[in-house]
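Q: Structure below; questions to follow.
The values are calculated or read from the model by the stated rules, or taken from the named source; none is laboratory data. Everything quoted here is computed from the prediction, not taken from an experiment. No Cβ is skipped: glycine too gets one built from the backbone with ideal geometry, and neighbour counts run over all protein chains shown.
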Amino acid sequence: MGSYKLKIEGGRKLEGETYVSGGKNTAVAVIPAVLLCDEPCEIDNLPDIEDVRVLIDILKELGAQVEYDAERRHIAIDPRGVTQCRVSSEQSQRMRASYYFLGALLGRFGEAQVGYPGGCNIGSRPVDQHLKAFEALGAADLSDTEYLHVKGELKPGRRVVFDKITVGGTMNAMLAAARIPGKTVLYNTAREPHIVDLANFLSSMGATVVGAGTNTIRITGCPKLHHSSYTIIPDQIETGTLMIAAAATHGIVTICGCIPTHMEALSCKLLEMGVMVDEEDDRITIRPARKRYRAVNIKTEEYPGFPTDLQQPISMLLTTCEGCSKIEETIFSNRFRQLNEVEKMGAQVLVNGQLAMINGVEKLHGATLEATDLRAGAALVIAGLMSEGTTLITNTEYIERGYEHIEEKLRILGAVISRV
Ligand code: EPU
């Protein structure tokens with residue numbers, strides 16, 4: 001795992017059909033959510049990625065029985081044997097989403113102790129809003145320098161007002177509220193598709209969750225949650241990454257099994273650049289409409305705005321557009337590291353804090369590049385596909401955290417990509 005480099009012979013068009021896997025950012029919340037249940041649950045369409053394997057390790061350490069079938073993308077989890085509410089620091093640091101064990105264990109046991117989360121270094125990632133939400137629900141914050149620690153009987157009838165829109169904070173508060181016998185209202189919530197998916201999963205176990213996908217979520221918890229067999233939604237960011245990769249190589253690619261309405265911010269930008277985006281029920285076809293695409297400006301925002309997770313991949317496409325593009329990254333403070341790398345390929349880039357200016361050049365040339373985080377890794381794969389010559393990408397373990405078999409999927413579309 002991760003001990004190889006990716007080698008890409010660039011300049012080949014991607015052509016054909018590909019399938020999107022289940023959503024990473026849904027899976028990483030739905031798996032811990034099973035701990036809230038009083039009966040076994042089954043989840044389908046799980047992506048076969050490293051983050052899922054880490055969560056399974058944590059579940060097993062907590063005492064859950066887990067049967068995971070990676071090939072069928074299926075997991076059966078029996079949480080009844082879980083009696084402890086502590087996730088070790090060592091395990092927590094293996095990924096960002098370990099913070100969802102806070103909400104899930106607090107909701108189940110009235111106490112949760114979880115080491116500080118790891119994950120991608122894309123700027124400061126505080127959890128103050130998660131803790132604020134737990135306190136508003138009735139828990140005390142007992143965190144120290146090693147562990148996040150919350151404890152207390154959660155009370156019905158509470159309101160949580162987020163000072164900042166946060167995906168993780170919203171989902172964590174939903175988890176904590178799911179078993180409270182009575183109503184909880186969350187205000188200023190994030191609206192990402194994975195929030196709606198988590199709401200649907202909690203509802204399928206017997207909680208009542210209304211308003212997910214808007215900025216106010218009302219949860220009527222249920223102290224005994226029952227068995228659910230749930231299929232998670234397709235990955236919005238993998239869909240977008242594949243759309244951008246197709247556009248970057250000027251090929252014609254159909255991405256099947258996706259939800260086109262989740263992709264509107266990206267689709268609009270691609271259209272503005274001169275990429276044709278044809279949407280059907282569960283598929284999107286990408287076709288180039290120009291030899292060289294037009295430069296565009298991008299500002300990342302919470303859903304339904306342009307997703308920060310696709311800023312890094314699309315920034316590669318902008319390096320060869322006609323004209324100068326501007327990117328404003330408003331969500332994370334350190335999410336332009338892919339641009340330092342792509343300069344080695346001949347891109348013209350100027351980064352100033354949260355702003356990046358990209359002056360389009362005609363072509364990129366192959367180089368040896370270092371993936372600095374998950375989406376930067378995916379971005380560099382795209383850069384390798386669109387450039388002339390050979391590209392070598394190191395630190396591939398970042399990519400494995402969140403993309404299911406990316407090189408296999410690209411190879412089927414005609415990319416010349418291998419592990420070395
Ligand atoms: N923030 C706070 N306080 C908090 C929580 C967040 O100030 O208590 C700030 C963050 O520092 C950031 C902003 O609020 O500036 C948004 O953070 P958010 O909580 O929404 O992000 P997250 O939960 O840390 C999730 C995804 C990210 C994705 C963001 C935004 C998971 C595990 N991670 O992170 O995914 O970029 O939402 O959509 O779901 C990725 O998949 O590569 C990835 C980084």
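Q: Look at segment 16-35 and say how many of its residues are away from the ligand (no atom under 16 Å from the Cβ) and either buried (at least 24 other Cβ atoms within 10 Å of the Cβ) or of a type in the set (Lys, Arg) (or both).
A: 2
Q: Here's something else I'd like to know. Taking only segment 67-89 into account, find how many residues are in a helix (DSSP H, G or I) and either within 16 Å of the ligand (Cβ to nearest atom) or at pLDDT 95 or above (or both).
A: Selection size over segment 67-89: 3.
Q: For segment 207-229, give me each residue that is buried (at least 20 other Cβ atoms within 10 Å of the Cβ) and more than 16 Å from the ligand (Cβ to nearest atom).
A: 207, 209, 219, 221, 225, 228 - these are the residues of segment 207-229 that are buried (at least 20 other Cβ atoms within 10 Å of the Cβ) and more than 16 Å from the ligand (Cβ to nearest atom).
Q: Something else about it: If a residue counts only when it is in contact with a His (Cβ under 6 Å, 6 or more places away or on another chain), which helices (runs of 4 or more DSSP H) contained entirely in segment 229-344 have at least 1 such residues?
A: 236-248
Q: Between residues in segment 299-314 that are more than 9 Å from residue 327 (Cβ to Cβ) and residues that are of a type outside the set (Phe, Trp, Tyr) and within 7 Å of the ligand (Cβ to nearest atom), which pairs lie under 6 Å by C-beta distance while being six or more apart or on different chains?
A: 302/165; 302/190; 303/192; 308/331; 309/237; 309/375; 312/375
Q: A further question on this structure: Is at least one residue of segment 94-105 in contact with a Phe, Trp or Tyr (Cβ under 7 Å, 6 or more places away or on another chain), under 27 Å from residue 44 (Cβ atoms) and more than 13 Å from the ligand (Cβ to nearest atom)?
A: no
Q: Okay, next question. Restricting attention to segment 107-147, which residues are under 16 Å from residue 175 (Cα atoms) and touching a residue at least 40 places away in the same chain (Cβ under 8 Å)? Outline the logic, then answer.
A: First, the residues of segment 107-147 that are under 16 Å from residue 175 (Cα atoms): 107-114, 127, 129-139.
Listed by number, the residues that qualify are 107, 108, 110, 111, 127, 129, 130, 133, 134, 137.
Q: Given (1) surrounded by 23 or more Cβ atoms within 10 Å (Cβ to Cβ); (2) modelled with pLDDT under 95; (3) among the charged types (D, E, K, R), identify the lone condition not met by residue 290.
A: Looking at each condition in turn, residue 290 falls short on (1).
Q: To continue, here is another question. Test residue 64 against the stated conditions and say whether it is in contact with an Asp or Glu (Cβ under 6 Å, 6 or more places away or on another chain) and away from the ligand (no atom under 16 Å from the Cβ).
A: Taking the combined requirement at face value, the residue does not satisfy it.
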